[in-house]
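Peer 1: I'd like to ask some things about the structure below.
The values are calculated or read from the model by the stated rules, or taken from the named source; none is laboratory data. Bear in mind that the values here come from a model prediction, so they are computed numbers and not experimental data. As a convention, Cβ positions derive from the backbone with ideal geometry for all residues, glycine included, and neighbour counts pool all protein chains shown. Accessible surface is based on the protein model in full, side chains and every heavy atom, while ligands, DNA and RNA are left aside. Shrake-Rupley method; radii C 1.70, N 1.55, O 1.52, S 1.80 Å.
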Amino acid sequence: MTVVDMRPSWQSWDAGLQTHLRVVSALVRREMRARGGESRLGYLWALIEPGLHLIAYMLVFSYLLKRHAPIGHNTALFLLTGIVPYFLFSKMAIYVSGAVGGNRSLLTLPPVKLPDVIAARVVLEATTYLFVGSLMFLALYLGGVSEAIPRDPLAVAEACAVAVCFGLAVGVINIVLVSFFHNWMTIYSLFNFPLWFFSGIWFLPEQVPQPYRDYLLYNPIMHILLWFRTGFYRDFKAVYLDPAYVIGVTAVALTIGLALMRVARRKVLEPT
């Protein structure tokens, strides 16, 4: 019986993976410099800016509009549990959408592949917003809001993972659409804007009368927010949460995005 030596194949795969990781790491550092300039202070601002956005929204809806939390005892915490997962999705989708346009010159280099520039942006954006969100929850906890520490970290992690994957899927689809319609992101922003109001950041599905509630529940982002909130509120029963639905929508969107990317790869990489 002939024994097949798999070592050369394994070594080739391992070398390819190491090259991929080095390229992604270098691209992440490049993206950090591009966002914040050459100084560390510049990237520090990139971390502070989304935190300021979160604080501004909380101040407006907590103190100016006098909105009260439908669950829990702290309005700021309720808003934050909606804003963080929503931003994780929306900022990911927008940032990934510009991965090719922002790195087109690098894609002419042999070591740099299309998945590398996308992976670098996913890593940087997810890390940034998860870090900023963690700081915001820590600030609330130090300010006396005991519920700001998740009671179910696994549920929070699952919701964040789905938010990142859904943002990645939408971003990849946008990359392909931008290659065919250069003004697509302007159109996308018009469609994306209403999601801020209809994704459940400021309310729960139980507060919406029928038949509008059923319409809103077709929005997968609302399910992500409900999933995220179950990790914080002990007595919160998310009766309208459907994890299978949001995971299915995310999987389908990601499959469509990757299929479109493969079919239209030459058009995507085409100089503008």
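Peer 1: Of Gly167, Thr75, Gly98, which is farthest towards the positive pole of the chain's charge dipole, taken about the Cα centre with +1 and -1 on the beta-carbons of Lys, Arg and Asp, Glu respectively?
Peer 2: Comparing the listed Cα positions along the dipole, Gly98 ranks first.
Peer 1: List, in order, the whole-Hz ³J(HN,Hα) value for each residue of the stretch 128-138 obtained from phi through the Karplus relation with A = 6.51, B = -1.76, C = 1.60 and θ = phi - 60°; use x for Gly and Pro.
Peer 2: My calculation for the stretch 128-138 gives 4, 6, 5, 5, 5, x, 4, 5, 5, 5, 5 Hz in order.
Peer 1: Let me ask something else about it. Tell me the mean residue ellipticity at 222 nm calculated for the chain from its helices only (DSSP H runs of n ≥ 4, each -39500 (n - 2.57), averaged over every residue, nearest 500).
Peer 2: -23000 deg cm²/dmol
Peer 1: Which longest uninterrupted range of the chain lacks any chymotrypsin sites (Phe, Trp or Tyr not before Pro) assigned by DSSP to a loop state (not H, G, I, E or B) and surrounded by at most 16 other Cβ atoms within 10 Å?
Peer 2: Between exposed loop sites, the widest span is 1-180.
Peer 1: Averaged per residue, what accessible surface does the chain expose to a 1.4 Å probe, in Å²?
Peer 2: 55
Peer 1: Moving on to the next point. I'd like the accessible area for Met32: 1.4 Å probe, protein heavy atoms, all chains in place, Å² to the nearest 10.
Peer 2: Accessible area of Met32: about 60 Å².
Peer 1: Calculate what fraction, in whole %, of the accessible area of the chain sits on carbon and sulfur atoms when a 1.4 Å probe is rolled over the protein chains. Intermediate results must be reported in sequence, preceding the final value.
Peer 2: Numbers: 10070 of 15090 Å².
Carbon-and-sulfur percentage of accessible area, whole number: 67.
Peer 1: Report, in degrees rounded to the nearest 10, the 0 to 90 angle that the Cα long axis of helix 153-180 makes with the longest principal axis of the chain.
Peer 2: 60
Peer 1: What is the Cα centroid distance between the stretch 82-99 and the stretch 150-217, reported in whole angstrom?
Peer 2: 9
Peer 1: Give me the count of lysine pairs in the chain whose alpha carbons sit under 28 angstrom apart, restricted to pairs 8 or more positions apart or on different chains.
Peer 2: Lysine pairs meeting both conditions in the chain amount to 5.
Peer 1: In addition: Averaging over every viewing direction, what projected area does the convex hull of the Cα atoms of the chain cover, in nm²?
Peer 2: 19.3
Peer 1: While we're looking at this one, here's another question. Report the label-to-label distance for Ile256 and Arg22 in nanometres (one decimal), using points 7 Å from each Cα along the Cα→Cβ vector.
Peer 2: Each label point lies 7 Å from its Cα, and together they span 3.9 nm.
Peer 1: Still on this structure, I have one more. I want the local charge near Trp227. Using Cβ-Cβ distances under 12 Å, sum +1 for each Lys or Arg and -1 for each Asp or Glu among the other residues.
Peer 2: Around Trp227, the charge tally is -2.
Peer 1: Given a Förster radius of 41 Å and the C-beta distance between Arg33 and Arg151 as r, what FRET efficiency does 1/(1 + (r/R0)^6) yield to the nearest 0.05?
Peer 2: Plugging the Cβ-Cβ distance into 1/(1 + (r/R0)^6) gives 0.60.
Peer 1: Starting from the 7 Å offset along Cα-to-Cβ, what nm value, one decimal, do you get for the label separation of Thr108 and Ala264?
Peer 2: 2.3
Peer 1: Separate question: What distance in nm lies between label points placed 7 Å from Cα along the C-beta direction at Val123 and Leu142?
Peer 2: For the pair Val123/Leu142, the computed spacing is 2.9 nm.
Peer 1: If you don't mind, another one. Using only Cα atoms, tell me the angle between helix 40-59 and the longest principal axis of the chain; keep it within 0 to 90° and round to the nearest 10.
Peer 2: Compared with the principal axis, the helix lies near 30 degrees.
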